[in-house]
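The values are calculated or read from the model by the stated rules, or taken from the named source; none is laboratory data. Everything quoted here is computed from the prediction, not taken from an experiment. Note: ideal-geometry Cβ built from the backbone for every residue, glycine included; neighbour counts use all protein chains shown. These accessible areas exclude ligands, DNA and RNA; they are computed on the full protein's heavy atoms, side chains included. Shrake-Rupley method; radii C 1.70, N 1.55, O 1.52, S 1.80 Å.
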Amino acid sequence: MKTVVEKWVFVKPVLSALSKSRIELLFFGFQTLAAKNSNGRIIHNYSSEVILTNAGKAMTPQCAFKALLFSVFLLFCQQGLANDAYDLEEFREHYKKNDKPPPKKRQKKTHTSTLSPFENIRIGFFRLNLTDDDVSGDDRLETYDDFVLHEQGFLNLLNFYSYYVNIGDAQHRHGRIQNALKLILRIFTVNMTTETTPENKQKMFAMGKSLFEQLFFSATINGESNPYYNYFNPDLSELPSGSTHINHGLVMMFFAFLGPYSIFDNFHHDYSSVLLNRFTRKRYRQALSDSRLSGNISEYKTPKKFANQLRAAGLDTETALLIGLSAMARASHCHICTNSKWPETLEELLERFVPYDLLRTGYDNMNNLCNNGSGPLPYIMYSYDGMQEFTFNIVGIDPENPELLSLREQSEVSGNLSNPSPQESGSDWILELGDSDEEIEQEAGAVGGATGESHECTICLGSLDHKVILDNCRRLGICEVCIEKLLKE
């Protein structure tokens, strides 16, 4: 006869194949069957305590004990399966049964990925163990004392994201995108908040800078021309013809994870702007050429319409990754340079560090590709709130500020810009700082006194000498450093 431990070893793989929701449904169904009165009618109170109390009148002590034992057993199962915050076991089971790769083009020549979903991911102090069968759930999230950076780790993470978000139906993609971004944020959190010695920090910076410069600042790699060499050169509107095989996803990964160790001051924003511009122009041009995107610019006049077009073209998952990695890059840069508070959740990350210039850049590129840059420019496509709305439709994260929610019902915000240049239109929402300093300070005092808010910058959470008000559907308090960056953009 098998011992209790042996029986559990036999049953555990079966239970791990069940989703938590299925076990809850099974538990609920068992309770319902057990909760019948003496007339055989179901009692419509599904509290476990009430069920066992009422059912006891019609059940023998032996049946009641079995019901209690089964309930406790299921609760233990639920507790065990609950320790899988990112549904990693469901991911592994899916691709064990179906090894068909996700709809993603293979990268050619250099930086070719294995296209396998079961590659371990090691970045910095963090390791995601996807290969071992003797661990499960959150036990696959491992932390090490030594800091390791290698190009393959970023390629594996990029591959994992592509596989993960393409599980199941498209209508549930928002949840998978959020889970994947939360896992990536977990990697950033481990690397940004792990305590280490000053000597190790110097080694970390040197390691990150070396790998970043090797990819982007070396004219040749292994004796061959490096297609990434001119990627961040702002003077080149188009990359050389030999750069057709650039892995833009790898560029995103390198910039987000390594940029904060390599780029300082305002150059970080400059690099970010170049990345957003090149990525969106390249991907939109490809999608227009094969008719996945509409060539009618009126289909992109609002954040929601723009997002719908990207979803229909299958560009929503990579756009979500671009939003998430850009926000994490900005958060890392700010944390390293100013020691600002690290965001604890994905919602907080997007609220504080959303790349608000992405929507503006994307619309400019789409307008140039579809309309040669002519025609009226919708104001909301160049606003912070427009980017929040766009993020909601791509990632599914609901902006916390109630004032932003009303934007979803608006087709276009009043007033099309009279065809200004992109540089001018991009900063229109900032130029409302044109009020006098005295009026700004008066408004700041009124707002601060009414809400009891702390005097912290809403972008970097640094201290504020006084509130600065920006009016664009909501009010933001930002510090002088962030104001300079915003005005520069």
Out of all the residues in region 113-166, which are β-branched (Val, Ile, Thr), within 20 Å of Tyr95 (Cα to Cα) and open to solvent by 20 Å² or more (accessible area, probe 1.4 Å)? Thr114, Thr131, Val135
Considering only region 342-374, state which residues are in contact with a strand residue (DSSP E or B) (Cβ under 9 Å, 6 or more places away or on another chain) and not polar (S, T, N, Q). Tyr363, Asp364
What pairs come up if the first residue lies in region 144-159 and is closer than 15 Å to Phe212 by Cβ and part of a helix (DSSP H, G or I), the second is among the β-branched types (Val, Ile, Thr) and modelled with pLDDT of 95 or more, and their beta carbons are under 8 Å apart, counting only those six or more places apart or on different chains? Gly153/Ile121; Gly153/Ile123; Phe154/Ile123
Any residue in region 290-306 that is among the hydroxyl-bearing types (Ser, Thr, Tyr), within 20 Å of Ile394 (Cα to Cα) and surrounded by fewer than 17 Cβ atoms within 10 Å (Cβ to Cβ)? yes
Quick one: would you say Gln178 is surrounded by fewer than 19 Cβ atoms within 10 Å (Cβ to Cβ), more than 23 Å from Phe147 (Cβ to Cβ) and among the polar types (S, T, N, Q)? yes
Across (1) open to solvent by 70 Å² or more (accessible area, probe 1.4 Å); (2) closer than 22 Å to Leu358 by Cβ, Tyr229 clears everything bar (2)
Spot the failing condition for Glu318; the list is (1) of a type in the set (D, E, K, R); (2) surrounded by fewer than 19 Cβ atoms within 10 Å (Cβ to Cβ); (3) modelled with pLDDT of 95 or more, and only one is missed. (2)
